[in-house]
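Engineer: Following this message is one structure expressed as structure tokens.
A short reminder: the numbers here are calculations on the coordinates, not readings from a lab. This structure is a prediction, so every number in the text was calculated from the model and none was measured. Cβ coordinates were reconstructed from backbone atoms using ideal geometry, including for glycine residues, and neighbour counts include every protein chain displayed.
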Amino acid sequence: MDFAGTSIQLRGFVRTEDVSDFVGLWLREDGESGSLAFDNMERRQIKGTTGWTEYSVSVQVQPDAQRLFFGFPLAGTGKAWVDDMRLLVDGKPIWDAPKVLRETTVLDADREFDAGSKIALTELSTVQIANLATLGKVWGFLKYHHPQVTSGQRHWDYDLYRILPAILAAPDRAAANEVLAKWVAALGRIGECQPCAQLDEKELELRPDIAWIEAEDRLGADLGRLLRGIRRLRPADGKQFYVSLARNGNPAFQHELSYTGVKLPDAGLQLLALFRFWNIVEYWYPSRDLMGENWDHVLDEFIPRIALAKSAEEYERELMALIARIHDTHANLWSAIQVRPPMGACQLPATVRFIENSAVVTGFANDAAGPASGLQIGDVIETLDGVPVPRLVEKWKPYYADSNDAAMLRDMGRTLTQGECGDIKVNVRRDNRTLEIAAKRLSVTAKPGKDTHDLPGDTFRRLSDDVAYLKLSSVKLVDAAHYVDGAAGTKGLVIDIRNYPSEFVVDALGSLLVDEETPFVRATKGDLSNPGAFHFEAPVSITPAKPHYGGKVVVLVDEVTQSSAEFTSMAFRAAPNAFVIGSTTAGADGNVSQITLPGGQSTMISGLGVFYPDKRPTQRVGIIPDLVVKPTIAGIRAGRDEVLEAAIRHILGPGAPAAAIEKLAKAGKD
């Protein structure tokens, strides 16, 4: 990345033949911390057989980017061709972009611990754990407050390694605090700030949690005084070396090294991972107050768990358990998701969904998979190899970083039957009797089945003269007006968001559903001068446009509705005739912020706080329907879509015959 510019675009022509999953272009920028920006065409679902068509993907040029990757993936089976690929910077060929020389930083100059932390541990005493917890909090506070660190003059990871031996050797809290006080003082005197930062109380949603720097019984007089002085004299310029705010307001964590070459176990590196993630959450997670956890206690608990992990896999699993404690569906340990239980390369060729608190078979990988497996749609899985499903759920729950139970059970359903390849005994409840089935786990190279709950077939259709239907899993931005034109004259439009939108249509489609300027969301973002503070932004509105749809709008949601899908649901809900039907969504709204962790690991957080205009939160809560309708086991067995039926009933009115409604919904499904 030796060039300057604003945006990078990869363009090319694509042709496909019998593609089962998807193909597309792919573009990614990496910095020293890992991936900084990414775009691909997976959500456009280019599959089947298509003629030559031009497509593009694009990313914004990131100031810390060092490498650019691009390619053409084919997922599943089939053939695909790509031709005339062009890489453009601000619309011009990349070789015409202005050249730049990337500046070096202290991270390039300080290489002492490139091979590892030189810290080895086999056990930790109660005193050591308490002192390490204080070190973790002080290290994080200094990372985002001390000018020597915020200006990029210290390799702060390696400074942690340098202080660790003395903290581990301290016989008690007082001795450790003395070590820390001398360490802080050695960073240099804090100059006068012109001007100093002040915490603006206006539209303040979350204030910094820094009362602990006043606790001299924990820190001692000298250390507490030094920390309070650093806090008081922080400059108002908001400059930070390890974090910045992206254009949309969510935090971007730059200069966080991944240390992929360090051999594990490495206790110092593992503690660095804990301290890095813990402090990112402490200062830059907008939903810190919604976690439902005592974050200080989490730090105490995970110091021995992570520091003493004896293998790379154990370290990954403990990181996964730590990340799960912030209860954010965006925040799994995505780089090592294979260690999340249940583990294994195979699973039953069936789609499993939790319905009525039971694991229910709702589909299969293909038409032949059902009969071959011995399972039937509507079977309730009670045990796997003799272990009851509720016991498995309880055992695996600590490793699932989901915002709420709806999202957790959704994710568990997707992997419930995963394990070693080969035979497995499955007890199912079918027709009020329990059957034992000898099934086989098969390779998971192909998806076990559809895990969204919208209708198969066309993106838009009229189910009848009175009811139009639009699903967002294959929606096209350029066709927004055509959808509304196609729905003209109907009593109601069903917008199915029991999926993830293929394109962002909040403005293009939402503007056709409102008749006046309509606010639908407020966000909070962090404050670089006041780490830990989050302020409300002004409400975001939808501006009306033509053609206008004036009928009823029914939005369908469920546990698959997540992130951009939830944001879109909020927008459409703001329409004057809108009504939301379904069940609680995944509760992970807002743009994501990527986090690089030592050992080549990575996770994310929901980087913006997302609220309704009246400041009600959506994180963890999800989108609560106006009318709660959930599928039933009986409905699954009968092939019904009870959520869609409720939408049709709402449009046609309570007098519409139930049999006619069911028939209409089934016709759309078929």
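Engineer: With 18 Å as the limit, write out which pairs from 552/669; 47/92; 471/552 have Cα-Cα distances beyond it, or answer none.
Structural biologist: 552/669; 47/92
Engineer: If you don't mind, there's one more thing I want to ask. Could you estimate the translational diffusion coefficient of the stretch 340-395 from the Stokes-Einstein equation, with Rh from the Kirkwood formula over C-alpha pairs, at 37 °C and 0.692 mPa s, in whole µm²/s?
Structural biologist: Translational diffusion coefficient: 271 µm²/s.
Engineer: Where does the chain land at 222 nm, in deg cm²/dmol rounded to the nearest 500, when only DSSP H runs of n ≥ 4 count, each adding -39500 (n - 2.57), divided by all residues?
Structural biologist: Mean residue ellipticity, 222 nm, calculated: -8500 deg cm²/dmol.
Engineer: Using θ = phi - 60° and the Karplus form 6.51 cos²θ - 1.76 cosθ + 1.60, what ³J(HN,Hα) does each residue of the stretch 507-523 get, whole Hz, x for Gly and Pro?
Structural biologist: 7, 4, 9, x, 5, 8, 9, 10, 10, 7, 4, 10, x, 9, 7, 10, 10
Engineer: Still on this model: Pop out the ³J(HN,Hα) list for the stretch 174-183 in order, Karplus 6.51 cos²θ - 1.76 cosθ + 1.60 with θ = phi - 60°, rounded to Hz; leave Gly and Pro as x.
Structural biologist: 4, 5, 5, 5, 5, 4, 5, 4, 5, 5
Engineer: I would also like to ask the following. Which residue, chosen from 468, 119, 149, occupies the Cα position most advanced towards the positive end of the dipole of the chain, where the dipole is computed from +1 (Lys, Arg) and -1 (Asp, Glu) charges on Cβ about the Cα centre?
Structural biologist: The Cα lying farthest towards the positive end belongs to 468.
Engineer: How large is the Kirkwood hydrodynamic radius of the stretch 115-325, in angstrom, based on all distinct alpha carbon pairs?
Structural biologist: 18.0
Engineer: When a/c is below 1.5 the answer is rounded, else prolate if a/b is larger than b/c, else oblate, so apply that to the stretch 460-669 with a ≥ b ≥ c taken from the square roots of the Cα gyration tensor eigenvalues.
Structural biologist: Prolate is the answer for the stretch 460-669, as a/c is 1.5 or above and a/b outweighs b/c.
Engineer: Output the 0 to 90 degree angle, nearest 10, between the alpha-carbon long axis of helix 126-145 and the longest principal axis computed from the alpha carbons of the chain.
Structural biologist: 80
Engineer: Separate question: Could the peptides 656-665, 611-620 be put in order, highest first, of the mean number of other beta-carbon atoms found within 10 Å of their residues?
Structural biologist: 611-620, 656-665
Engineer: Another one. Would you mind putting 214-220, 569-575, 20-26 in packing order, based on average other-beta-carbon counts within 10 Å, highest first?
Structural biologist: My ranking of the peptides, most packed first, is 569-575, 20-26, 214-220.
Engineer: Please get the size of the charge dipole for the stretch 115-325, origin at its Cα centre, with Cβ charges of +1 on Lys and Arg and -1 on Asp and Glu, quoted in debye to the nearest 20.
Structural biologist: That gives the stretch 115-325 a dipole magnitude of about 640 debye.
Engineer: Sort 90-96, 530-536 for me by packing, meaning the mean count of neighbouring Cβ atoms within 10 Å per residue, highest on top.
Structural biologist: Per-residue mean Cβ counts within 10 Å order the peptides as 530-536, 90-96.
Engineer: Cα to Cα, under 17 Å, and not fewer than 8 places away if on the same chain: which aspartates and glutamates meet these conditions relative to residue 615?
Structural biologist: Of all the aspartates and glutamates, those that pass the test against residue 615 - Cα under 17 Å, at least 8 places apart if same chain - are 201, 203, 205, 289, 537, 566, 589.
Engineer: Right, next: What is the set of long-range amide H partners of residue 535 at a cut-off below 5 Å, with H atoms built 1.01 Å from backbone N?
Structural biologist: Hits under the 5 Å cutoff: 205, 525.
Engineer: Against the longest principal axis of the chain, how steep is helix 312-324, in degrees 0 to 90 to the nearest 10, with axes from Cα atoms?
Structural biologist: Taking the Cα atoms of the chain, the angle to 312-324 is about 70 degrees.
Engineer: Please give every one of the lysines within straight-line cross-link reach of residue 182, meaning a C-alpha to C-alpha distance under 21 Å, and leave out same-chain neighbours fewer than 8 residues apart.
Structural biologist: 137, 143
Engineer: In the chain, with Lys and Arg counted as +1 and Asp and Glu as -1 at Cβ, which of these residues, 341, 290, 158, has the Cα nearest the positive end of the dipole, that is, farthest along it?
Structural biologist: So the residue we want is 341.
Engineer: Distance between the C-alpha centers of the stretch 418-438 and the stretch 9-44? Whole Å please.
Structural biologist: Going from one Cα centre to the other spans 39 Å.
Engineer: In whole Å, what are the extents of the stretch 346-443 along the principal axes defined by its C-alpha atoms, from largest to smallest?
Structural biologist: Answer, in whole Å and largest first: 36, 31, 24 Å.
Engineer: Scan around residue 592 for amide H atoms under 5 Å from its own, H built in the peptide plane at 1.01 Å from N, and keep only partners 5 or more places away or cross-chain.
Structural biologist: 607
Engineer: Hey, what do the phi angles of the stretch 348-364 turn into as Karplus ³J(HN,Hα) couplings, whole Hz, using 6.51/-1.76/1.60 and θ = phi - 60°, x for Gly and Pro?
Structural biologist: 5, x, 10, 8, 10, 9, 7, 10, 6, 6, 10, 7, 10, 6, 10, x, 9
Engineer: Once the other residues with Cβ under 14 Å from the Cβ of residue 150 are scored (Lys, Arg +1; Asp, Glu -1), what is the net sum?
Structural biologist: Here the charged neighbours net out to +2.
Engineer: Here's a follow-up. Taking the alpha-carbon centroid of each part, what is the distance from the stretch 316-363 to the stretch 245-314 in angstrom?
Structural biologist: Result: 20 Å between the Cα centres.
Engineer: Once volume of the Cα convex hull per residue in Å³ is worked out from the coordinates, which option in (1) 290; (2) 211; (3) 173 does it equal?
Structural biologist: So the structure-derived entry is (3).
Engineer: Within the set of other residues whose C-beta is less than 13 Å from the C-beta of residue 300, count the net charge using Lys and Arg as +1 and Asp and Glu as -1.
Structural biologist: Its environment carries a net charge of +1.
Engineer: By how many degrees, 0 to 90 and rounded to 10, does the Cα axis of helix 564-573 deviate from the longest principal axis of the chain?
Structural biologist: 60
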